[in-house]
1. Answer with yes or no whether residue 209 is free of Cβ contacts under 8 Å to residues at least 60 places away in the same chain, assigned to a helix (DSSP H, G or I) and under 25 Å from residue 130 (Cα atoms).
2. Quick one: which of 103, 111 is farther than 26 Å from residue 185 by Cα, at pLDDT 95 or above and out of contact with any strand residue (DSSP E or B) (no Cβ under 9 Å at 6 or more places or on another chain)?
3. Among the residues that make up the stretch 20-43, is at least one of them over 14 Å from residue 240 (Cβ atoms), in a loop (DSSP other than H, G, I, E, B) and out of contact with any helix residue (DSSP H, G or I) (no Cβ under 8 Å at 6 or more places or on another chain)?
4. In this structure, is residue 124 in contact with a strand residue (DSSP E or B) (Cβ under 6 Å, 6 or more places away or on another chain), in contact (Cβ under 8 Å) with a residue 60 or more places away in the chain and either assigned to a loop (DSSP other than H, G, I, E, B) or closer than 26 Å to residue 7 by Cβ (or both)?
5. Can you pull out every residue in the stretch 217-229 that is at negative phi, surrounded by 11 or more Cβ atoms within 10 Å (Cβ to Cβ) and in a loop (DSSP other than H, G, I, E, B)?
6. State all residues of the stretch 156-205 that are closer than 21 Å to residue 17 by Cβ, in contact with a strand residue (DSSP E or B) (Cβ under 6 Å, 6 or more places away or on another chain) and in a helix (DSSP H, G or I); if no residue qualifies, say none.
7. In the stretch 29-44, how many residues are surrounded by 19 or more Cβ atoms within 10 Å (Cβ to Cβ), over 15 Å from the mean Cα position of the chain (by Cα) and under 16 Å from residue 89 (Cα atoms)?
């Protein structure tokens, strides 16, 4: 199958590193013009330099701005006003004992992981519907379904994101715009490395620490290793393409078999 996104524009929120960066690279390698987003201009410029060093042919646009802030959101959309492919990747996570999660933390996780995505959808969906084509992809998590006891607030926010995706898919019904969520399993990023070392002895070498983390804290993974960001990006790129025109309102799993369910 050939995925060709030439002539399409994409915005990937939180795309200066990790999964977002891998998604941005994959979309650009398929021909899309991709807006790289992060809160600070220097991190965005640095990411673009690195992505261009890997492949000079990538068509990349700097779109710095904090999308959890109204002014930051306006700045991002000024850099890329007509978005064909929106990937809501921005998210925060961390561990807190259930009874120690404050009201402020509950609100912060909802605001960043859910409401910011809703705001991006409201800003881009009308234009997609008018043009008769669009892709909205919300990066969720296995934690949306298998709520981890050490970060209930994070799991709650990702569960809500699944509902947001399904609801907006209904809003876009029959317009040529699809809306889906991607349930990412335990993925190897810098942030996850830090998270692993919160739960495993920090003096343990990384490969051993990863195995211990999966064995002790994610034993239901059928992959039995952390997923690489490129593996998430592969699915996102497919769902962003014309080839996925009949997939909408779905929660598509790239979880390494972590969720013990036959039906997605």
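1. no
2. Every option except 103 fails the conditions.
3. Yes, the stretch 20-43 contains a residue that is over 14 Å from residue 240 (Cβ atoms), in a loop (DSSP other than H, G, I, E, B) and out of contact with any helix residue (DSSP H, G or I) (no Cβ under 8 Å at 6 or more places or on another chain).
4. Criteria met by residue 124.
5. The answer is 218, 220, 221, 222, 223, 225, 226, 228.
6. 158, 161 - these are the residues of the stretch 156-205 that are closer than 21 Å to residue 17 by Cβ, in contact with a strand residue (DSSP E or B) (Cβ under 6 Å, 6 or more places away or on another chain) and in a helix (DSSP H, G or I).
7. 1
Conditions tested, residue by residue: (1) touching a residue at least 24 places away in the same chain (Cβ under 8 Å); (2) surrounded by 14 or more Cβ atoms within 10 Å (Cβ to Cβ); (3) in a loop (DSSP other than H, G, I, E, B); (4) in contact with a helix residue (DSSP H, G or I) (Cβ under 9 Å, 6 or more places away or on another chain).
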| site | (1), (2), (3), (4) |
| --- | --- |
| 215 | no, no, no, no |
| 232 | yes, yes, no, yes |
| 238 | yes, yes, no, yes |
| 246 | no, no, yes, no |
| 249 | yes, yes, yes, yes |
| 253 | yes, yes, no, yes |
| 259 | yes, yes, yes, yes |
| 263 | no, no, yes, no |
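The values are calculated or read from the model by the stated rules, or taken from the named source; none is laboratory data. All figures in this text were calculated on a predicted structure; none of them were measured in a lab. Here the Cβ is made from the backbone with ideal geometry for all residues, glycine too, and neighbour counts use every protein chain on show.
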